[in-house]
Structures are given as structure tokens and as C-alpha cells.
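Worksheet: one structure, shown below.
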Amino acid sequence: MKKHLKVILLIISVSFLQISLSHSNEDTSISSISYDEIYDPIEPINRAVLNFNFFIDDIAIRPIVKTYKFIAPEPVEKGVSNFFSNLKEPIRTVSFILQGEFFKSFNSIGRFSINTLTSLGTFDLASRIGMEKNETDLGITLAKGGVSSGPYIVIPIIGPSNLRDFSGDVVEYFVDPISNNIPNREYLAVGNGLNERAEVDEQLEKVREASSDRYEMIKSIYYQNRNAQLEEEYIQNLPVPKIYIE
Amino acid sequence: MKKIIIIFCLIFSFSTLNASEVSEWFEKESNLFLEIISNKEGTESENYEKYKLFVSKNFAIKSIAYGLIGESIINKSSEDELSLYLNVFTDYLIKTIYKLANSTSSGSIIFKDVDIKDNIYIIKSEISDKKSSANLYWKVIDTGKSFKIIDVIVENTSYFVTKKSEFNKILRKNRGSLKALVNEIQKI
């Protein structure tokens, strides 16, 4: 049954990629610094899913995260965050190899070895000795390979994504050498999800307060963060207002 | 050849001079901002006035406000509508910064680096408190009289880009009505 599920999910990911590729003529640049018209053909469904996600967050996830943040001292929070980040280093290594970034891939596997051997990944010793963390994933790899983002989608419970990045996440889930070899990996996935939610807790509170349209705000923030991982000179290339004399 | 070297040196020293001017301005204004944040003694309205003064002095409000709605809306709106929008947006910007500052515990803003592209200075800084730190970028223009901020980027999230997406959505939903946008801003 599990094998069948894997095959089905892989087929879905591949077909997602095909759809994404078929849209690539709409948007040829890998990062597309145009935030005004993000391709969002299923907006009403996405809005409903986002409302559902906020509802689930309000009644279940947020209380857990708040309790965790209240109980856990700062070093524990940092340690947990480091632990989950360290588990992603092998898949980062694979992604960097696929991108042709061999130095970064050596750095990732080196970081994984050092941090796992010294503290099971809870302390980032590698950064202290000059091996800085480089973020990447299969979604970024696909983008660098010319796959456009495809439509924006909000995934139930998980949150904002797009077809390309979600396909990358699905493939990652099955090819990740670490979590594939851990028994009861579902618990690990839940733990990782809660940790990621805790990491953006303050930002989410600000979105709840300061936005006239939280859907648009989250969408824009999501694309800005993804583009920052793709663009070398992201900050320099962000659009700026025309100057009016005051 | 000598002339070329002299011209090159002049251009280089001019850009270094400007960069040092903008970094000086930044250090001065960021310290002032931290002073305002940490001073909790005054009444709420007194503190609000301090933020108002700070924002009016240091932000290119008109450029940001007009940039958020775009040329086509500016061209089709009346002077009165634009003036009302500018006032409401100014108030909104001050309130946003006021709220943000009140939810932040006092910390430090450390100047890191300054870069220039298309006559816009990009100041890289780091804001930190006891708990965490974040990269903070400021896009600044030189108006001739002073430096003015046109965008603030926290980690990778630009205030201008995020608000532009939000405002555009409201304008599209209301067939480009600036009045509708003003009403929405006032509701926040």
C-alpha cells in the first residue's frame, strides 16, 4: 500500500512539473521580480484553504506553539531548530550536486558530518568554524533548471507554495536519505512542521495584525523569500518607487 | 593619461564621500530611533508625536505612497483624492512603525555596509535584541537637502513590495477606486 502511495505521489509530482513547464513561456525568468501579477488561477480555493489553515492554527497549532515557546528556554528552541535543519543537509547536498554547485554540496555534507558527530545536530559547530549554512531545496533546483513556478497554491495545514516548489517537496519527502531511513518518520515530519511554525510565530502575529488582506500579504512574502534564494542580487533588484519631490 | 587618473580619482572620492555621508546620517538617525523606542516615559500621544516627526523627517512618504498605487491611478485621480490618500497613508505608515516599535524590545541597530545602485543607497544593517537578530536593509535616496528612506527590507521582505501587492489587490477589486483604497486603509 505504501509503495502504491509513493508511486501515485510521484506521478502527481511529475504531472505537476509538466504543467509547470507548459506555463514556462508565460514567465521565462527564474525568479520573476514581478509581484503584482503572481499567477494565481485558483485564488478562491486558495483563500478558502488559507482560512481553513488559520482556523486549524487558531484551535490546535497556535496553542501548542505558544506553550512550547513559553516552556522551552531559548537554547532549547535553538537546539531543536538546529536539529531539524541539520537533517536537511543531505537533501541540500543532493540539490547542490544537481545544481552543479559542488563546493556548496561538499560544504553541506561536511556540515552534516561535523554537527551530527559533535551534537546530533543540536549545536551548529560547523558555522562557528566557517562552514556557513546555504539554504536550498529541490524546488530551487527545478527553478534553476528553468522550470517556472506555475500557479500559486495554498496547501492544507502546510501553507503557501506553488506547483514547482510543492512538487519539489513531494519528491524530497521520498528521496530524502535521512528521513527515509528513520522508523515512524511521520512523527519527525510533524515535529519539523511544528518547529517551522514556531520559527515564524512572530511574523505570523504581525500578518494577523498589520494586513488589510492577509492572503495577498502571505503570497507576496512567500514569493519574495523564494526569489531571494534564487537571485544573486535580490535586494538590489527589488522594485522601488518612482521618486517624487516633496 | 594623467587627466583620466585625476577624473577617476575625483569620481571615486566623490562616491566614497557620499557613502560616508549616508552612513553618518544612518548612524545618527538609527540611534535617534532607538532612543525613541527605549523612552517609555512620555504619554502615548507624546510618544506618537515623536514617531510622527521621525517618519516625516526620514521617509520619502510621497514617493512611497504614489509608488504603491502607480501612475495610472495617480493620473486619473483628482488633487483632493490624492491629497486625502497621502494624509491617510502617512498616518498609516506612522502607526505601522509605532506599533512595530512598541512590540520590539530595545536592542541595537548595527551599520554593516553601504552599496549604491541607480542613485539609490542600499544600507545593510543588523537589528538585534537579547533573543534574536535580523538583517535589515534600507533603500535611501539623496534629495539634495537630506537623505530619505524609500523602502525597508527585513530579511528578504520588502515593505514596499508587500504593500504594493496588497494595495493593488484592493484597487483591482474596486475598479481602481482610490476612495475605496483610502477606506480600506482607514479600517486597519
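Dipole orientation for the protein assembly as shown: of the candidates B:85, B:143, A:215, A:215 has the Cα lying most toward the positive pole (charges on Cβ; Lys, Arg +1; Asp, Glu -1).
Using a probe radius of 1.4 angstrom, the carbon and sulfur fraction of the accessible surface of the protein assembly as shown is 61%. Think of the stretch A:53-210 as a dipole: +1 on every Lys or Arg Cβ, -1 on every Asp or Glu Cβ, centred on the Cα centre; then among A:129, A:157, A:83, A:129 lies furthest on the positive end.
Once both labels are positioned 7 Å from their Cα atoms along Cα-to-Cβ, the gap between residue B:57 and residue B:39 label points is 1.0 nm. The listed residues B:29, B:79, B:71 rank as B:79, B:71, B:29 when sorted by accessible area, largest first, using a 1.4 Å probe. Classification of the stretch B:2-187 by its C-alpha gyration tensor yields an oblate form. The axis ratio a/c (a ≥ b ≥ c) is 1.5 or more, and b/c is at least a/b.
Cross-link pairs exceeding 29 Å in C-alpha to C-alpha distance, out of A:242/B:173; B:112/B:145; A:66/B:179; B:117/B:164; B:57/B:173, comprise A:66/B:179; B:57/B:173. Excluding ligands and nucleic acids, what accessible area in Å² is computed for residue B:173 using a 1.4 Å probe, to the nearest 10? The value for residue B:173 is about 150 Å². Model label sites at residue B:19 and residue A:206, defined 7 Å from Cα along the beta-carbon direction, differ in position by 2.8 nm. Between residue A:51 and residue B:27, the modelled labels are 5.3 nm apart [label points 7 Å from Cα along Cα→Cβ]. Assuming charge only on the beta carbon of Lys and Arg (+1) and of Asp and Glu (-1), the dipole of the stretch A:49-230 about its Cα centre is about 220 debye to the nearest 20.
Within chain B, the whole DSSP H helices whose Cα atoms reach 24 Å or more along their own axis and whose mean Kyte-Doolittle score is at least -0.5 are B:2-38, B:79-102.
What net charge do the residues around residue B:56 carry, taking every other residue with its C-beta under 14 Å from that of residue B:56, with Lys and Arg at +1 and Asp and Glu at -1? Around residue B:56, the surrounding residues sum to +3. Counting only Cβ charges, +1 for Lys and Arg and -1 for Asp and Glu, the dipole size of the stretch A:125-184 around its Cα centre is about 100 debye.
About the centre of its Cα atoms, the protein assembly as shown shows a dipole size close to 360 debye [charges on the beta carbon of Lys, Arg (+1) and Asp, Glu (-1) only; nearest 20 debye]. For the stretch A:72-212, the tally of Lys pairs with Cα-Cα distances below 26 Å comes to 10, considering only residues 8 or more apart or on different chains. Evaluated at q = 0.16, 0.18 Å⁻¹, the base-10 log of the normalised Debye intensity for the stretch A:49-230, with identical point scatterers placed on the Cα atoms, takes the values -1.16, -1.42.
Note on residue B:129 and residue B:115: the extension gain reaches 2.5 nm, defined as 0.36 nm multiplied by sequence separation minus the Cα-Cα distance.
The values are calculated or read from the model by the stated rules, or taken from the named source; none is laboratory data. Every value quoted in this text rests on a predicted model; they were computed, and no experiment measured them. Quick reminder, even Gly has a Cβ in these numbers, built from the backbone with ideal geometry, and neighbours come from all protein chains shown. SASA here: full protein model, heavy atoms, side chains in, ligands and nucleic acids out. Shrake-Rupley method; radii C 1.70, N 1.55, O 1.52, S 1.80 Å.
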